[in-house]
Amino acid sequence: MATCAIVGINWGDEGKGRMVDLISNDYDVVVRYQGGNNAGHTVVNEYGKFALNLIPSGIFRRNVLNILGTGTVVDLEHLCGEISRLQQAGIHISAENLKISDRAMIVFPFHREQDVLEEARLADKKYGSTKRGIAPVYGDKYQKKGVHVGELLFPDKLKAHVANILEWKNLTIHNVYGAEPIRLDTILDWLIQFGEPLIPHIADTGGLLRKASADGKNILFEAQLGALRDIDYGIYPYTSSSSPLAAYAPIGSGAPGLKIDSVIGVVKAYSTCVGEGPFVVEWFGPEAEKLREAGGEYGAATGRPRRVGPLDLVATRYGVDVQGATGIALTKIDVLSYLDEIPVCTGYEIDGQIVTDFPFHSRLDEAKPVFKTVPGWKQDISGIRDYTALPAAARNYVELIEQEIGCPITYISVGPGREEIILR
Ligand code: GDP
């Protein structure tokens with residue numbers, strides 16, 4: 001039995017879905033352990049191109065059991081839509097290959113509404129929320145005002161619980177934001193429409209995982225977002241509301257006692273960031289436009305243009321540390337083929353001092369990037385499958401990153417397709 005976590009090292013969108021789709025061939029179980037449908041994991045394979053929001057990226061492998069773990073938050077309406085969109089594309093999804101933890105939290109329509117109302121109130125100080133209700137539902141979870149997916153199995157108790165929650169929630173929605181109060185019958189109808197079809201998928205995922213582990217099965221944990229968006233270790237408050245760290249994977253899966261054997265940290269060959277918050281290496285103007293176009297850097301979940309810049313080795317080193325990465329998958333290196341020279345950020349200048357350790361977030365707005373520039377390779381590398389066949393400048397780029405972050409780069413992705421990969 002082997003357990004592995006595939007996690008983001010930076011701000012998310014590193015290509016985790018692509019890596020899970022590739023590697024899941026060797027695994028029996030794939031578990032999403034945090035976050036909700038604010039994720040957008042892009043997978044390109046023989047079935048087509050998909051942006052998965054909630055469903056684990058192992059869904060394309062017929063023999064894989066896919067789990068939405070205890071640490072996830074599930075918008076039932078969105079999940080029903082996502083299942084039917086994938087089924088229409090010919091992907092097999094049943095209660096046998098997709099399980100939802102009974103302890104996952106339900107994202108209700110009023111969470112989405114609260115997200116929108118709060119971002120509007122914040123106006124130009126907004127956090128850049130995806131407006132999918134993720135922060136409100138995690139907030140409610142920790143205030144012990146959430147509803148577990150497993151409560152769908154007990155309709156009478158659920159009805160009473162939801163009535164209590166609404167009494168409380170309307171204090172915020174109606175009294176604070178001045179919006180129309182949420183009606184109980186509307187929410188109960190919603191639960192019937194989108195909750196009932198999902199009932200066969202609900203399970204004690206901890207039990208399933210412990211059994212899989214006892215049977216010697218291989219388990220892959222799939223993170224959403226990246227280290228810099230972690231609620232505790234990220235660039236707070238411009239973080240997500242959950243923990244995308246590998247260390248959280250067993251807890252968020254349902255089986256906290258599981259040990260992780262390896263952690264594959266996914267690093268994009270340059271930096272991108274969606275939403276607000278400090279982004280030290282950011283490029284603007286035509287330079288940014290070119291990189292954004294070359295990399296197709298528009299959010300998979302929201303379509304928002306991503307902020308872009310050169311690879312930030314200060315942030316990447318930090319991401320590798322907090323993720324406890326044992327190996328790196330470097331993605332999208334093919335995108336850099338148009339550049340004559342490639343800058344990489346090796347340090348930050350703060351108050352006249354050069355720092356190479358990622359600083360506390362309050363200092364990030366003072367940080368100026370210190371760049372080192374290396375030669376580009378100026379040729380299409382997307383067809384290359386053998387490391388030694390890469391141009392010397394591309395190999396130098398890979399080896400420079402490896403040296404700077406102190407972690408071996410074991411996969412080099414040269415295109416979005418499943419086979420566009422170099423194993424090292
Ligand atoms: P995730 O959320 O970490 O799974 O990443 P996203 O799906 O948000 O963003 C990654 C994007 O890059 C997707 O559009 C992928 O299809 C694409 N992609 C992944 N790896 C590569 C690569 O090596 N080269 C290129 N050109 N595109 C890639």
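At 25 °C and 0.890 mPa s, what whole-number value in µm²/s does Stokes-Einstein give for the translational diffusion of the chain, with Rh from the Kirkwood sum over Cα pairs?
Answer from the Stokes-Einstein relation: 111 µm²/s.
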Checklist entry - At a Förster radius of 51 Å, what calculated FRET efficiency corresponds to the Cβ-Cβ distance of K49 and Y177, to the nearest 0.05? => result 0.85
Item to check | Amide proton proximity set for T72, modelled H, under 5 Å, gap of 5+ | outcome: M105
Item to check | Cut-off 13 Å between beta-carbons: net charge of the residues surrounding K378, Lys and Arg +1, Asp and Glu -1 | outcome: -4
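Would you tally the net charge around T388, using a Cβ to Cβ cut-off of less than 12 Å, leaving T388 out, and scoring K and R as +1, D and E as -1? Mind dumping the intermediate values first?
Working: positive: R385, R395, R424; negative: D386.
Net charge in that neighbourhood comes out at +2.
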Next on the checklist: If you scale each eigenvalue of the Cα gyration tensor by 5 and take the root, what three semi-axes come out for region 105-197, rounded to whole angstrom and sorted largest first?
Outcome noted: 24, 14, 12
Checklist outcome for this item: Cα-based Rg/(2.2 N^0.38 Å) for region 22-181, rounded to two decimals, is 1.14
Checklist entry - Can you pull the semi-axes for region 159-303, root of five times each eigenvalue of the Cα gyration tensor, sorted largest first, whole Å? => result 34, 29, 15
Next on the checklist: Once you keep just the Cα pairs under 8 angstrom separated by 6 or more residues, what percentage relative contact order results for region 294-424?
Outcome noted: 29
Checklist outcome for this item: Quick P(r) readout (region 321-412; Cα-Cα; 5 Å bins; whole %) gives 3, 12, 20, 19, 18, 15, 9, 4, 1, 0
Checklist entry - Of the residues V280, V162, V64, which exhibits the maximal mean-square fluctuation in a Gaussian network model of the chain defined by a 10 Å Cα contact cut-off? => result V162
Checklist outcome for this item: Residues whose built amide H sits under 5 Å from the amide H of G226, excluding neighbours closer than 5 in sequence, are G12
Next on the checklist: Where in the chain is the longest stretch that carries no GluC sites (Glu not before Pro) classed as loop by DSSP and with at most 13 other Cβ atoms within 10 Å?
Outcome noted: 97-418
Checklist entry - Taking θ as phi - 60°, what are the ³J(HN,Hα) couplings along region 137-152 by the Karplus curve (6.51, -1.76, 1.60), each to the nearest whole Hz, with x for Gly and Pro? => result 6, 5, x, 5, 4, 6, 8, 6, 10, x, 10, 7, 4, x, 5, 4
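Hey, got a sec? Which chymotrypsin sites (Phe, Trp or Tyr not before Pro) in region 33-111 land in a DSSP loop and have at most 16 other Cβ atoms within 10 Å?
Details: sites: Y33, Y47, F50, F60, F110; in loops: Y33, Y47.
Hits after loop and neighbour filter: Y47.
Of K290/K378; K16/K268; K145/K169; K49/K131; K144/K169, which sit over 19 Å apart, Cα to Cα?
K49/K131
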Item to check | Those trypsin sites (Lys or Arg not before Pro) in region 248-333 that DSSP places in a loop and that have at most 10 other beta carbons within 10 Å | outcome: K259
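Where both residues lie in the chain, what percent of DSSP beta bridges are antiparallel, nearest 5? Could you put the intermediate results ahead of the total?
Details: 24 of 62 bridges.
Bridges in the chain are about 40 percent antiparallel.
Note the direction-averaged projected area, equal to a quarter of the hull surface, for the Cα convex hull of region 267-423, in nm².
For region 267-423, the mean projected area of the Cα convex hull comes to 9.5 nm².
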Checklist entry - How high is the relative contact order of the chain, given as a whole-number percent (alpha carbon pairs under 8 Å, six or more residues apart)? => result 20
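List the chymotrypsin sites (Phe, Trp or Tyr not before Pro) within region 310-374 that fall in a DSSP loop (any state other than H, G, I, E or B) and whose Cβ has at most 14 other Cβ atoms within 10 Å.
Working: sites: Y318, Y338, Y348, F360, F371; in loops: F360.
Here the chymotrypsin sites (Phe, Trp or Tyr not before Pro) that fit, given the DSSP loop and packing criteria, are F360.
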Checklist entry - ³J(HN,Hα) across region 10-16 via Karplus (A = 6.51, B = -1.76, C = 1.60, θ = phi - 60°), whole Hz, x for Gly/Pro? => result 10, 9, x, 6, 7, x, 5
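Over 16 Å, how big is the tail of the calculated P(r) for region 208-247, in percent of all Cα pairs?
Looking at region 208-247, the distances longer than 16 Å represent 48 percent of pairs.
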Item to check | Summed residue charge, Cβ within 10 Å of G226's Cβ, Lys/Arg positive, Asp/Glu negative | outcome: 0
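Read-outs: derived from the displayed coordinates by stated rules, not from any lab. Just so it is clear, the model here is predicted, and its values are computed rather than measured. All Cβ positions, glycine included, derive from the backbone under ideal geometry; neighbour counts span all protein chains shown.
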